[in-house]
Structure formats: structure tokens, C-alpha cells
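The values are calculated or read from the model by the stated rules, or taken from the named source; none is laboratory data. Since we're looking at a predicted model, the values are computed, not measured. Cβ coordinates were reconstructed from backbone atoms using ideal geometry, including for glycine residues, and neighbour counts include every protein chain displayed. Ligands, DNA and RNA are stripped out before the accessible areas are found, and what is left, the full protein with its side chains, is counted by its heavy atoms. Shrake-Rupley method; radii C 1.70, N 1.55, O 1.52, S 1.80 Å.
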Amino acid sequence: MRPLELYIHIPFCIKKCRYCDFESAPSTKEERQEYVTGLCRKIRSYGELAEAYHVVTVFIGGGTPSVLEGAQILDIMDAVRGTFPIDAGAEITMEANPGTVTKEKFKTLRHAGINRLSIGLQSTDNSELKMLGRIHTYEDFLQTFDAARETGFDNINVDLMSAIPFQSVDSWDTTLIRTAGLGPEHISAYSLIIEEGTPFFERYGNGKRAGELPSEEEERLMYMHTRDILSEYGYHRYEISNYARPGYECRHNLGYWNRAEYLGIGTGAASLMQEYRFTEGEEPVKLSVQEQMEEFMFLGLRKTEGISKEAFQRYFGRAVESVYGKVIIEMCRKGLLEMEGDAVRLTEKGTDVSNYVMSEFLLDKEA
């Protein structure tokens, strides 16, 4: 039996945030129940496939999964356990937003087997939260975080967002210090991306109102301060935007970056099964060897430990130098990559321009 990660998508939220381009929308109670019923049916339809796998992680994401009733989460997890063999020590994460959870609901989530929470905070500045279109205040988050702790959750991630409109380096530092001071086991600190089809794109897309956004230099300072401040609080960066206390790295996300097999269930959920990638409701597409090599490199280089030359050889039957030797030498010469033993990884300088470095690993022709 091979290890498998499960991603379960809940496409509902209370209100769409102004920067969000995820597949999510407000819904009625009846629509949510209809979706959960269909989702459980879909999970059970994988009974034959499940015989070849054992589940090592489950991630219930969205949207805002915590808009569901506790009983609906119980139904979903019952369907998962009734279909897939789940490891005794599996990491089972659910995303939750302040304003959608209570202490009683947290108790139900614990009973359902959820052992890791990912709470969306984004900022500790209420004016920034309002500007983002969040439904909660910082005080609401604190109540949610305390309730999670009181009900026994000892593995909590907090999501933060930098480079948002009108944000200063000082206000970002305050968000980092306040959040780290609470002692969550994991902090994800992402930089805002202006996505097409969002209210933010209408206001800021194509360089409009650039003066309302932090400058490139301010954004770079925010990234550097994130690394330095969180390090002072005992967090280590193990991926470009993710920080954890030792032993609390997100196993599910590490699976993505290591190209582990994962099955996505629910509206718009993506899957990677062996060399096939597919989205819920669409036909699987077989990835070429070239595409698999490219993914191996630009996903693996997101991790601070980088990629393993031995793993590349094992996956593809070729030495990484035989495919990417020239690129690796050039990036090392520029001080953007470094090689140490089995590892090829970004330097601090390379992390600052990681998108450029990773783009260099796109192959022009079939490898």
C-alpha cells in the first residue's frame, strides 16, 4: 500500500474577501447540506482505489470549512474513515476562520479526529482586516485562538499576509510579534498577490494606485523581518513562506513540495496520482517526464533544505546534473544556489529572487 494525502474542498465562506480568487462563495444552509451529502457520496466512491493506499494526511480546506456544522464535519470524516485506511498518527488539518467557530464546535472537531488547525488571521491591525474584507477583528481571532487551546488543540497554524495596501513595515512587525507571542506551532506568512477577477485587481491591477501598496524595497524588508523576528521566537523557515517550531512542519504541504501522491475531493480540487494530474470532474492528464522534472525542481526548491540529488536519480533514472547541470552551475556562480552534499538549495540571495531562479528550470524541449 502506497502513502496518500487527501485534500477535501469546502467551497463556502461567509463573505468573499477582496483579494480572494479561490473557488468559494456564500451559501445557504440547504446548499451546504446538499454539498456535504454529495461529497460523502463521492468519498465513498473511491473504495476500490483506496485498497492500494494508506492515508498519511488529510487537509480540509476552502473556502472556509468552519462554516459547516460540526455534525457535517463528523459526517465527512466518517466517510473518509469508512473508505480509506488512515494511519494512526495521520496529520488531519482543517482551516477555520474567526467568526465561524465556537468552543462547542471545536470540541466536535476534536471528536471528529481533527488534530491540526489552520486559522486565518492575516493581520492584527483591524483597519487592515477591514480593508482586506475579512469578517473578523483581531479580538475575534484572540477569542478563537484561546478557545482552540482550551479544547485541546496543540498544533495550530496561523495565516498572515504581508505587502497589503497601506501596510507599513512597522505594522507588519507588530503583526509578527503579536502572533509569535501567542506561541502557535506554525506560522504561514504569505505576500499578497493581486489576482485577476478580484476587487483588488479592479483597484490595483496593472500598476493602478501603486502608491497605496508597499514598495518593492518595503516588501523585501517585510520578508527579511519575517525571517528575523520569527527566528527570535523559535520558529525556523522550512519553506519560502512557512515557519514552524521543531517537529511541527506541515506534513501535508511538505507532501505537495515533495510531489507525493494526493487525491483532491470536492469542487475544483486537484489531484496528483502517479504521473497523472487531474481536477475534480475532468479527465486525468498524463505529465511528461519533462513536466515531472520541472515540478520536482521548482516545488522542491521552495523548501529550505532544497532538492535531493539522490531522489532525482531515483525518480527519473538520471543524475540531476545531466539534465540541469548548466543551470545549476550558472545559478551557483551568481550566488543564487548552493550545493552541499546531496542537496541543491536556494541561498538567502536566491530566496529573494526565487521566482526567477525557478523559472530557469523550465526545459525548452523534452528531456
**Asked** Per residue, how much space in cubic angstrom lies within the convex hull of the C-alpha atoms of region 278-345?
**Response** 100 Å³
**Prompt:** Are there cysteines in the chain with no second cysteine's Cβ under 4.7 Å away, and if so, which?
**Reply:** Cys13, Cys40, Cys250, Cys332
**Request:** Using per-residue counts of other Cβ atoms within 10 Å, averaged over each peptide, order 30-43, 101-114 from highest down.
**Result:** 101-114, 30-43
**Prompt:** Can you give the relative contact order of region 24-124 as a percent, counting alpha carbon pairs under 8 Å and 6+ residues apart?
**Reply:** 31 percent
**Item:** Residue-span extension gain [Glu30 to Ile193] - 0.36 nm each, minus C-alpha spacing
**Value:** 55.4 nm
**Item:** Over region 214-321, volume per residue of the alpha carbon convex hull, in Å³
**Value:** 161 Å³
**Message:** Could you give each residue of region 230-239 its phi-based ³J(HN,Hα) in whole Hz, using Karplus coefficients 6.51, -1.76, 1.60 with θ = phi - 60°, and x for Gly or Pro?
**Reply:** 5, 4, 4, 8, x, 9, 10, 7, 10, 8
**Item:** Selected from Ala25, Ala319, Ala244 as most flexible by GNM, with the chain as the system and alpha-carbon contacts under 10 Å
**Value:** Ala319
**Request:** Report the dimensions of region 94-142 along its three principal axes from the alpha-carbon atoms, largest first, rounded to Å.
**Result:** 36, 16, 15
**Item:** Rh by Kirkwood over Cα pairs, then Stokes-Einstein D for region 35-166 at 1.002 mPa s and 20 °C, µm²/s
**Value:** 135 µm²/s
**Per-residue SASA entry for Met297, accessible area with 1.4 Å probe, Å² rounded to 10** = 0 Å²
**Fill in**
The answer for the per residue Cα convex hull volume of region 186-256, in Å³, is 110 Å³
**Message:** Quick check on the chain: of the DSSP beta bridges with both residues there, what percent are antiparallel, nearest 5%?
**Reply:** 35 percent
**Message:** Apply the Karplus curve 6.51 cos²θ - 1.76 cosθ + 1.60, θ = phi - 60°, to the phi angles in region 212-228 and return the couplings in whole Hz, x for Gly and Pro.
**Reply:** 7, 9, x, 6, 4, 5, 5, 5, 5, 4, 4, 5, 5, 5, 4, 4, 6
**Item:** Residue-normalised accessible area of region 239-293, given per residue in Å² at a 1.4 Å probe
**Value:** 43 Å²
**Request:** Would you mind putting 356-362, 290-296 in packing order, based on average other-beta-carbon counts within 10 Å, highest first?
**Result:** 290-296, 356-362
**Request:** In debye, nearest 20, what is the charge dipole magnitude of the chain about its Cα centre with +1 on Lys and Arg Cβ and -1 on Asp and Glu Cβ, if you could check?
**Result:** 380 debye
**Fill in**
Computed on Cα atoms only, the convex hull of region 6-99 has an orientation-averaged projected area in nm² of 6.5 nm²
**Asked** Sorted by accessible area (1.4 Å probe), largest first, how do Arg178, Arg333, Arg134 line up?
**Response** Arg333, Arg178, Arg134
**Prompt:** Over region 275-367, what is the relative contact order in whole percent, taking alpha-carbon pairs under 8 Å and six or more residues apart?
**Reply:** 29 percent
**Request:** Considering Cα pairs under 8 angstrom that are at least six residues apart, work out the relative contact order of the chain and quote it in whole percent.
**Result:** 15 percent
**Prompt:** Tell me, what does the Kirkwood hydrodynamic radius of region 94-189 come to in angstroms if you use every pair of distinct C-alpha atoms?
**Reply:** 13.6 Å
**Prompt:** Label-point separation (nm) for Asp146 and Leu74, each offset 7 Å from Cα along Cα-to-Cβ?
**Reply:** 2.8 nm
**Request:** Keeping the other protein chains in place, figure out the carbon and sulfur percent of the accessible area of region 1-132, with a 1.4 Å probe.
**Result:** 52 percent
**Complete:** Output ordering of 302-308, 45-51 (per-residue mean of other Cβ within 10 Å, highest first) is 302-308, 45-51
**Message:** So if each residue of separation counts as 0.36 nm, and I subtract the Cα-Cα distance between Lys130 and Glu217, what length gain in nm does that give?
**Reply:** 28.8 nm
**Item:** Calculated from backbone phi, Karplus (6.51, -1.76, 1.60) coupling profile of region 39-53 in Hz, x at Gly/Pro
**Value:** 5, 5, 5, 5, 4, 5, 5, 8, x, 5, 4, 4, 5, 9, 10
**Coordinate range along principal axes, alpha carbons of region 111-244, Å, largest first** = 47, 30, 23
**Message:** If Rh is defined by the Kirkwood formula over all Cα pairs and Rg also comes from Cα, what ratio Rg/Rh do you get for the chain?
**Reply:** 0.96
**Prompt:** Using the heavy atoms of the protein chains alone and a 1.4 angstrom probe, what is the accessible area of region 133-230 per residue in square angstrom?
**Reply:** 45 Å²
**Prompt:** Given the Cα-Cα distance of Ala343 and Arg81 and 0.36 nm per residue of separation, how much length would full extension add, in nm?
**Reply:** 90.6 nm
